[in-house]
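Structure, as C-alpha cells:
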Number of protein chains: 2
Amino acid sequence: MMNNKSATLIDGKRISDEYKKGLKVEIEQWMSKGNRAPCLKAILVGEDPASRTYVTKKMEASAMVGIDSETINLPSSISQEELMEKIVVLNQDKQVDGILVQLPLPKHIDERTICNTVDVDKDVDGFHITNIGKLALNMDTFIPCTVLAVLELIKCCNIETKGKTALICGRSKNIGLPLSMILHSDYRNELPGLEATTIMCHRNTPASELMRYAPTADILISATGVVGLIKPEMVKPGAVVIDVGLTRVQMADGKTKLVGDVEFEGASKVAGYITPVPGGVGPMTVAMLMKNTFKAAKHLAQ
Amino acid sequence: MMNNKSATLIDGKRISDEYKKGLKVEIEQWMSKGNRAPCLKAILVGEDPASRTYVTKKMEASAMVGIDSETINLPSSISQEELMEKIVVLNQDKQVDGILVQLPLPKHIDERTICNTVDVDKDVDGFHITNIGKLALNMDTFIPCTVLAVLELIKCCNIETKGKTALICGRSKNIGLPLSMILHSDYRNELPGLEATTIMCHRNTPASELMRYAPTADILISATGVVGLIKPEMVKPGAVVIDVGLTRVQMADGKTKLVGDVEFEGASKVAGYITPVPGGVGPMTVAMLMKNTFKAAKHLAQ
C-alpha cells in the first residue's frame, strides 16, 4: 500500500502568510467603517530568550495585519499580585481587545490563577477556565491558537473528517485535550466539531499500542516534544500528518536546529499530507492569534 | 480466546448500598462534631414521569444516608426568569448545600443558562461551565454523578488502568466527554486521571471501525441508548464492560422493560467484569449524588 510519490507539503509559512493578507484586508474594511485598529497587549515576564522570540513574532505579525500591539516587559521578580494588578488594568482598558501572558511564568507565580485573571472576552489565548468550559461544550469561544492552527491546516487538506479516525499523541491541556474535543464533536454546534473517531495517546500508552493504533489513523497529530516518536511505519498511507512538536536539538557540528515529533523524511513518503518543522504549525499559530485578536475586537466593539 | 466461564457481575445495586452505608456513618460522625445534616434541594419542573421517578430515588437515597432533602415541584409553565430566581434564592440560602435541577427542562427554558445559574459550590450535578472547565483541567470539582459512578465501578474491579485502553461509545457532554477526559489524564493531578489510552466513538463512527477498535479495549463503556450496540464479538476476553445505556423497550407481551446498550447474555460470556441493566450504573449514580452533596456540605461548612 506504500505509494512512491511524496506527500503534499502543508506549507504553514505560505498558508499563514496568505491568511494574514486576507485578515489585513478584513481589518482595513472594518476600520473603514469607523472602528479603531484592534489592539493586542502581550505581557512578557522575565528574560527567557525563547519566550522573547515568540512574543517578537507575534508583534511582527500584528504589524503586518494592522493590529496595534505592545509588549509589556516585566521583571521575573514581579509578585503574583502585582502581575494580576497589571492584567486588571488591561481588562478595564476599553482600548485593549486582546491580552496574552506569555507562558511559562516564573515558579513563584501560579499560571492557572493568572490565566483566570485575564478577562474572558480578551482571552485571545483561550486559557481562561470559562473559555475551556465553553470549548468542552462546543460553545463559541476563543480556541487556543495552536489548536486553531492545526484545525486550519487540516481544513487546507480539504479532506472529509466525518467518520474518519484521528489519533492525537500528547494530552496537554492547551493542545492535545482541546484538539481531541473538537475532533470528535458533532458538527451541529455553535463551535462545529469534526465528527472524527478520536484516539488519545500519551506517555503511558505502550509503544506496542501506539504502533497498533497509529497506522489506523486518517489524521495523525503529534504534540509531545518527543523527537522521532512518529516513524514512517506508523503512518497510514495517504494520511494527514500534523507535527506540533518543536524541539531544539544539537547537531554533530555543534549547531542546533528545530525538529518535530515526526521522522519527516520517511513519513513524507507514506503520508498524503504532512507539515514540516519548522514552517508548519508554528507560523500558523501566530496567524491564529491575529484571528483571535480581531475576533475579540469585533466582539468588544458591539 | 473465548473463555467459558461467565464474567464477574458488577452488582451496582449491592455496591451502591454498601457505599451509602459507609456514607451514612461518615455523615453521622461529621454531624457529631456539631455540623447540621447536609441539605439537598431538587427542582422538578413539570410532570415527566421518568424525571419524577429519578427524583424520588434521589430523595429516598438522601433519607437513607442522613441527608435532608426536598423536591421543589414547579409547573412546566414557569418562565426561565422565574426558575432562575428560585435557584438564586437557594444559592443564597446558607442552609442549602446541594442544588440539582432535574433535566430535561421544558423547551422554552435554556438548560445551559439554568445549569450556569446554580452556584458553582452547590452544583452537585457538575453541570456548571466552571466545573466543566475545572474537570477538563483535572482540578478538584464536582464530577457529574454518572461519570463518578462509572469510575467507582471500574475501581471495584480492582484492575490497573494505566497504559490500558478504554473505549467510550457516546460523546455526550455529561457522560462520554468527561469520562474520556478523566480516563486519559495523568494521575498526578488534583483530580487524578486513570492514565488509559482512550478511544472516543460516536454516531458517526462507522460500524466497521467500532468493530475494529472495540475488541482492543480493556475497558469498554457504552453510553448511547442504542439497544444491542455492543455485541459479544466486540468484547475483548476479560475486558471490563460498563453499560450506561438505559432504554425502555416494549416486549412481545406488551409489557416494557429497561435494557442497556450491551447484549448482556453473550457479552457476559466474554468479558471479565460486566454491569447489568438495570442494577448497574443507575443505582451507583444516585449514590454518587449523595457523595457530591456531602462534599458540598463539607466545603460550605469550612
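For the segment B:168-176, counting C-beta atoms of other chains within 10 Å of every residue's C-beta and taking the mean gives 2. Using C-alpha pairs below 8 Å separated by at least 6 residues, the relative contact order for chain A is 23 percent. Ranked for footprinting exposure by Cβ neighbours inside 10 Å, fewest first, B:Tyr273, B:Tyr187 give B:Tyr187, B:Tyr273.
Across the identical copies, the label point of B:His108 (7 Å from Cα in the Cβ direction) is separated from its matches by 5.8 nm, in order from shortest. With the biggest extent put first, the Cα atoms of region A:39-80 measure 33, 19, 10 Å across the principal axes. Charge tally for A:Asp110 (other residues, Cβ to Cβ under 14 Å; Lys, Arg +1; Asp, Glu -1): -2. Taking the inverse of the mean reciprocal distance over all distinct Cα pairs, the Kirkwood hydrodynamic radius of the protein assembly as shown comes to 26.0 Å. Please check: in the Gaussian network model of chain B (C-alpha springs, under 10 Å), which one of B:Gly280, B:Gly254, B:Gly266 has the largest mean-square fluctuation. Per the Cα network of chain B with a 10 Å cutoff, B:Gly254 tops the list.
Distance between the C-alpha centres of region A:232-253 and region B:5-22: 47 Å, rounded to the whole angstrom.
Once a ≥ b ≥ c are taken as the square roots of the eigenvalues of the Cα gyration tensor of region B:183-245, is the result rounded (a/c under 1.5), prolate (a/b larger than b/c) or oblate (a/b not larger than b/c)? Note, shape of region B:183-245 comes out prolate. For the residue pairs A:Lys164/B:Lys107; A:Lys155/B:Lys236; B:Lys58/B:Lys173, the alpha carbons lie more than 25 Å apart in A:Lys164/B:Lys107; A:Lys155/B:Lys236. Tally Lys/Arg at +1 and Asp/Glu at -1 over every other residue whose Cβ is under 11 Å from the Cβ of B:Thr146; what's the total? With Lys, Arg at +1 and Asp, Glu at -1, the net is -2.
Each DSSP beta bridge with both residues in chain B is either parallel or antiparallel, and the antiparallel ones are about 10%.
Let a ≥ b ≥ c be the square roots of the eigenvalues of the Cα gyration tensor of region A:144-281; is it rounded (a/c under 1.5), or, if not, prolate (a/b larger than b/c) or oblate? Judged from the Cα gyration tensor, region A:144-281 comes out prolate (a/c at least 1.5, a/b above b/c). Scanning chain A for DSSP H helices at least 27 Å long along the axis (C-alpha atoms) with a Kyte-Doolittle mean no lower than -1.0 picks out A:281-301. Straight-distance candidates among the aspartates and glutamates for linking to A:Lys13, with alpha-carbon spacing under 15 Å and chain neighbours fewer than 8 residues away dropped: A:Glu60, A:Glu152, A:Asp243. Neighbouring Cβ atoms from other chains, within 10 Å of the Cβ of residues in B:129-138, number 6 on average. What the pair-distance distribution of chain B shows, using all Cα-Cα distances binned every 10 Å from zero, is 6, 26, 34, 24, 9, 1 percent.
Placing R0 at 35 angstrom, the Cβ-Cβ distance between B:Tyr187 and A:Gln302 gives a FRET efficiency of 0.20 after rounding to 0.05. Between the alpha-carbon centres of region A:28-82 and region B:64-102 there is a gap of 46 Å.
Spin-label pair B:Ser32-B:Thr53: with each label point 7 Å from Cα along the Cα-Cβ axis, the two points sit 3.9 nm from one another.
Normalised by 2.2 N^0.38 Å, with N the number of residues, the alpha-carbon radius of gyration of region B:257-302 equals 1.71. Nearest to the axis that brings chain A onto chain B is this chain A residue, judged by its Cβ, with the distance in whole Å: A:Gly133, 2. Charged neighbours of A:Lys94, selected by a Cβ distance under 14 Å, balance to -2 (K, R count +1; D, E count -1). Only helices enter the 222 nm calculation for chain B: every DSSP H run of n ≥ 4 contributes -39,500 (n - 2.57), and dividing by all residues gives -12000 deg cm²/dmol, rounded to 500.
None of the figures in this text is laboratory data; all of them are computed from the coordinates on show. The model shown is predicted, which means the values in this text are computed figures rather than measured ones. Ideal geometry is used to build each Cβ from the backbone, glycine not excepted, and the neighbour counts take in all protein chains shown.
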